[in-house]
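A quick write-up on the structure given underneath.
The values are calculated or read from the model by the stated rules, or taken from the named source; none is laboratory data. Remember, predicted model here, so these are calculated numbers, not experimental data. Ideal geometry is used to build each Cβ from the backbone, glycine not excepted, and the neighbour counts take in all protein chains shown. Remember, those area values only see protein heavy atoms, side chains included, never the ligands or the DNA or RNA. Shrake-Rupley method; radii C 1.70, N 1.55, O 1.52, S 1.80 Å.
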Amino acid sequence: MFNLLRMDLYRIKRSLSVYICLAIMLSITVLGCWMIWLLGTPEGRQSAVNSGMIETELLMEELEDESNLLEGMDLLEMYRNMSMDGGFYPCIICIITSLFVCADFQSGFIKNIMSSHRNRWRYVVSKLLTMGIVNFFFTMISFGFCFLTNALFHMVPFTNWLDVLFYLGWAWVITTAFSSLIIAICIFTRNGAISILAAIIFSSGLLVTVLSALSSLFHLDQWVTYTLYFNMTYGPSSYSGIGDLRIFGIGLAFLVLYTIIASIVLSKKDI
């Protein structure tokens, strides 16, 4: 098990797709912070006028008369709006998972792995642990980058670190559960294109939104609150009571469920 995990970590470290996805994620963060600074701060609006992005100072005064875009927003809220709540960050992690797992099937490397490891559930657990580690580093890097950018441009007040740790903790569990879902889909389909499409559909909430709209017609949409996408988008930003821990239970339940499904599918299908 340890050797399999070590091999997966070595391969993911040398995977070009990981660094491409990381660059895309950081680029979107920079763009988001720049837009927030440009439209949400007086300095940014003045810079836009000076550079000709806003044609007249009258238009800038109209923008200033409107409610401040950053009013009531702190660092954690800004980070959620840019990365997490819309499904962008889970989508990045799920795409990496798809590329990494499907590469074994497309290259035939899975046959070599299974010849050395008879217990196929170890393969699934190793992939899940690898993506959990990748997810952890991506979460730390993305939030750290947002933190440094905010410290540089002084856009919003900082958030209590206990709230940050609470939020990042359950966000890691939920996004890792998304990865376990994509691992199961990869093992079932063994097709990179289908897996990436599934990653986009599930992580963006497209499927949940459509099914929720249909079920709401019959007043049967209560199930939505137990989905990964709903909890990723509307989960608590701070701990206010024992009920807020429910999100950890939902994430862990889906993580275990999809891991079991992936292990069963891999054990039943021929390599």
Checklist outcome for this item: Over the chain, with neighbouring protein chains present, the accessible area per residue in Å² at probe 1.4 Å is 51
Next on the checklist: Give me the dipole magnitude in Debye, nearest 20, for the chain about the Cα centre, with unit charges on the beta carbon: positive for Lys and Arg, negative for Asp and Glu.
Outcome noted: 2500
Checklist entry - How high is the relative contact order of segment 200-251, in percent, with contacts defined as C-alpha pairs under 8 Å that are six or more residues apart? => result 30
Item to check | Evaluated over the chain, the Cα radius of gyration and Dmax, each in Å | outcome: 21.2, 72
Checklist outcome for this item: Out of 182, 162, 126 - ranked by how far each Cα lies towards the positive end of the dipole of the chain, with unit charges on the beta-carbon of charged residues - the top one is 126
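Under the rule a/c < 1.5 gives rounded, and otherwise a/b versus b/c splits prolate from oblate, where does segment 217-271 land using the Cα gyration tensor? Show your work: numbers first, answer last.
Numbers: a/c = 3.50, a/b = 1.72, b/c = 2.04.
Oblate is the answer for segment 217-271, as a/c is 1.5 or above yet b/c matches or exceeds a/b.
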Item to check | Selected from 93, 174, 20 as most flexible by GNM, with the chain as the system and alpha-carbon contacts under 10 Å | outcome: 20
Next on the checklist: How high is the relative contact order of the chain? Use alpha-carbon pairs under 8 Å, at least six apart in sequence, and give a whole percent.
Outcome noted: 27
Checklist entry - For segment 182-194, in order, what is each residue's ³J(HN,Hα) by Karplus, 6.51 cos²θ - 1.76 cosθ + 1.60 with θ = phi - 60°, in whole Hz (x at glycine and Pro)? => result 5, 4, 4, 5, 4, 5, 6, 8, 6, 9, x, 5, 5
Item to check | Distance-filtered residues of segment 81-97 - backbone nitrogen under 15 Å, label point 7 angstrom along residue 213 Cα→Cβ | outcome: none
Item to check | Local electrostatic count, residue 160, Cβ distance below 14 Å [Lys/Arg +1, Asp/Glu -1] | outcome: -3
Checklist outcome for this item: So, relative contact order of segment 167-269 in percent, Cα under 8 Å, 6 or more apart, is 49
Checklist entry - Say the dipole of the chain comes from +1 at the beta carbon of Lys and Arg and -1 at that of Asp and Glu; which of 101, 230, 172 then lies farthest toward its positive end? => result 101
